[in-house]
Each structure stands twice: as C-alpha cells, then as structure tokens.
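I have placed the structure first, in the form of structure tokens, so that the comments after it can refer back to it.
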Amino acid sequence: MPGIVALTGATGFVGAATVHHLAQAGWRVRILTRRMPQAALMPDHRIDVVLGDLDDRASLERLVTGCDAIVHSAGLVRALTPLEFFRVNEQGTAHLLEAAATAAPTARFVHISSLAAREPQLSPYASSKHAAEAKLAALAGARDWIALRPPAVYGPGDHELLLLFKAAKLGLLAYPAELGARVSTIHVEDLAAAVVKFCENANYSHRIIELDDEKSGGHDWPEIVRILGQCFGRQPLAWRLPRPLMTPIAAAVTLFSNLSGRPQVLSTHKLGELYHPDWVAKGPKLSSMVNWAPRFDLAKGFADTLRWYRSQSLL
C-alpha cells in the first residue's frame, strides 16, 4: 500500500498535477510551500502542508520525516542571473538530500529533472539541471533514486505555450528553431502518472531516464504546426525564425527583464536551447519498464490544452 510521500514544487505546473495523481493513487501527500496553497489542495484528499523553502533545513526535515518517498519537483525555469539557477536547482537539490540523509535515510527519491540536462553547455538552466543530477548521484547514498528527464511538458495549467496557441488562432505563427530540428513532448498528466509509478517501483534505481509520449523520433516543427492548425480548423501561415533574427529579440527581452526585475523564459542564454536540433528522448521506452502508457499523443494533448485555455478565458 502507498505510504507518505513528500513533494517539493507542489504549486508549480508539474507539481500540481503530480499532487493530484499521488493522492488519487492512495499516497498521503506532504508538500513544501512558502505560503498556504490553494490549487494544490483538494477537498477529497488530505494534503499535509509544511511551510518553508529549499534553503530552510528545519522545514526540509519536517517535510521528509517518516516519508516512504520523496518527489523533488521544485526548480527555476526562469531567472535573472545564472547564479539564481544554480542556487535553486543545484543547491536546493543538495539541501533536500542533506535533510533526507538525516530524517528519511531509506525514502525513495524521485527527481524531476529536464531533458535539457543532457546538454549542459547550452545554457545556465541546462547546466544547473545537470549539476542537480550530479548532486543527486553524489548525495543520495544507498537509497533508491531515479532522475526523470522530461522533454517539453505541456497541458492544462501551462502558460508557456499560450502565445503559440494565440498565434495559431490568428493564423500567423513564427517559431524559433534550427532547420530540421526535432523535439519530444509529454502531456503533464502523463508525466505525473509516470512519477507515481516510480514512487511505487524500486526495480530501476540509480538511473537517469528520459521519457516522452513515446512518439518515435519525436516531432518536427511542420508536424507541430499542422496539429495546432487542426485544433482551430485551419492551417496557420508559419515560418521558421533563424537564430540571427531571434538574437535581437532575445536581447530586448533580456534587457526588459533586467530593468523590470521580472525574469522571462526567453533570454539570450536560452537561445542555445531553442536552436539545439535534437531534443528527442533517448533510451528504452518507459512503457517497457513500468506499468505505464501515455494517454495523450500530441493531437489529443493539444486539444486538451486548448479546452483548458478556453475554460480559463485565456484564448
């Protein structure tokens, strides 16, 4: 029977879906948050709340004490400086593992990383996620652990793809990518379901696993544009933005972020990731490892995301 699971990042996009799936599977969920959450709490499931953050050793120990599993979902995807990425993504992971070494030495550790960690040279974000994986390997000790590297995650609750959907609705869509680039994707509900399976399954320990919607070879941008067009009943006029054209746009966004103190996902540092040609998940299919199969292919997933945008009056 499932026991107690501690979760960081519960109020984030991936974390909120993971809370729901863990509770549905019968786990007693304990979350770490800076303030009392709303979206992560469900009236039909008991959620225990520990107030604190990844820099607070005492709250981290309260979070993990007595837990059977720990899911580390917290992390920065946007920051003003590289140092911020490393402070949260690398050092935050180390702080959690150090607390777990004392308060939950046998708890299974499921780390939600990123496919970007495969290419740490591309950006501070990618490098910080790679460094977090290194901390996991160094500090986890003999406990069972797994690091999951999802590719582009989308679905209800995601605001990062909203601009793409708005452009497709207008019928004019520009996308930043290298010629011939391919990407894997995964719906947030499928990712959350996979996390639950690894909380339950200790057969795959001390491993880094890349997962996706199991579309072999991923997707190219013409396919992504075509599926977006199907959502709106017409194909948008689409063109690829080469890196030289995207560079001044990224520079302008970076300047705005620095002046306003509000970091954006797009930045000059992000260009390396955006124009990397191969974001296709590698390795064995997840369905061959655990009792899991994706519910959403890209067409079904985009349709589900569109329904959520409309239900929230975002589109």
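In summary, the lysines within cross-link reach of Lys197, defined as a Cα separation below 16 angstrom excluding same-chain residues under 8 places away, comprise Lys285. Of all DSSP beta bridges located in the range 122-249, what percent are antiparallel, nearest 5? Of the beta bridges lying entirely in the range 122-249, close to 15 percent run antiparallel.
Charge tally for Leu173 (other residues, Cβ to Cβ under 15 Å; Lys, Arg +1; Asp, Glu -1): +3.
Please give me the summed charge of the neighbours of Gln121: other residues whose Cβ is under 15 Å from its Cβ, Lys and Arg +1, Asp and Glu -1. It would help to have the intermediate numbers written out before the result.
Values: positive: Arg118, Lys129, Lys270; negative: Glu119, Glu133, Glu273, Asp278.
Its environment carries a net charge of -1.
At R0 = 22 Å, how high is the FRET efficiency between Asp53 and Glu98 if r is their beta carbon distance? Nearest 0.05 is fine. Don't skip to the end; give the middle numbers.
Working: r = 14 Å, r/R0 = 0.66.
About 0.90, to the nearest 0.05.
Where both bridge residues fall in the chain, DSSP classifies roughly 5% of the beta bridges as antiparallel. Of the whole protein surface, Trp239 contributes about 110 Å² of accessible area at a 1.4 Å probe radius. Sequence-distant contacts, meaning Cα pairs under 8 Å at least 6 residues apart, place the relative contact order of the range 224-315 at 27 percent. Placing pseudo-labels 7 Å out from each Cα toward the beta carbon at Arg87 and Lys285 gives an inter-label distance of 4.4 nm.
Taking every alpha-carbon pair under 8 Å whose residues sit at least 6 apart, the range 29-130 reaches a relative contact order of 25 percent. Sequentially through the range 132-143, phi angles give Karplus couplings (6.51, -1.76, 1.60; θ = phi - 60°) of 5, 4, 5, 4, 4, 5, 7, 10, 6, x, 8, 5 Hz, Gly and Pro residues having no value and appearing as x. Taking a straight Cα-Cα cut-off under 25 Å and skipping sequence neighbours fewer than 8 places away in the same chain, the lysines within cross-link reach of Lys169 are Lys300.
Tell me, what is a quarter of the convex hull surface for the C-alpha atoms of the chain, in nm² with one decimal? Mind showing how you got there, number by number?
Numbers: hull surface 62.8 nm².
Computed as one quarter of the Cα hull surface, the answer is 15.7 nm².
Bridgeable lysines around Lys282 (alpha carbons under 16 Å apart, same-chain partners fewer than 8 residues away excluded): Lys215.
Ordering of 78-91, 190-203 by packing is 190-203, 78-91, highest average first (other Cβ atoms within 10 Å, averaged per residue). Expressed as a whole percent, the accessible surface of the chain that belongs to carbon and sulfur atoms is 56, based on a 1.4 Å probe.
Summarising the label geometry, the points placed 7 Å from Cα in the beta-carbon direction at Arg262 and Leu163 lie 1.3 nm from one another.
Would you mind calculating the relative contact order of the range 77-144 from Cα pairs under 8 angstrom and at least 6 residues apart, reporting the percent as a whole number?
Values: 71 pairs, mean separation 28.5, N = 68.
Answer for the range 77-144 is 42 percent.
Length gained on full extension, Arg234 to Lys215, computed as 0.36 nm times the residue gap minus the Cα-Cα distance: 4.4 nm. Applying the Karplus relation 6.51 cos²θ - 1.76 cosθ + 1.60 with θ = phi - 60° to the range 209-223 yields 3J(HN,Hα) values of 10, 8, 9, 7, 7, 6, 7, 4, x, x, 10, 9, 5, x, 5 Hz, where x marks Gly and Pro.
Using the Cβ-Cβ distance between Ala25 and Asn203 with R0 = 22 Å, the FRET efficiency computed as 1/(1 + (r/R0)^6) comes to roughly 0.80.
Among residues other than Asn291 with Cβ under 11 Å from its Cβ, the summed charge is 0 (Lys and Arg +1, Asp and Glu -1).
In the P(r) worked out for the range 236-276, what percent of Cα pairs fall beyond 17 Å? Could the numbers behind the result be given before it?
On the way: 279 of 820 pairs.
Taking all Cα-Cα pairs of the range 236-276, the fraction more than 17 Å apart is 34 percent.
The values are calculated or read from the model by the stated rules, or taken from the named source; none is laboratory data. Only a predicted model underlies this, so the values are computations on that prediction, with no experimental measurement involved. FYI the Cβ positions are ideal-geometry reconstructions off the backbone, even for glycines, and counts take in every protein chain you see. All accessible areas refer to the heavy atoms of the entire protein, side chains included, with ligands and DNA or RNA removed. Shrake-Rupley method; radii C 1.70, N 1.55, O 1.52, S 1.80 Å.
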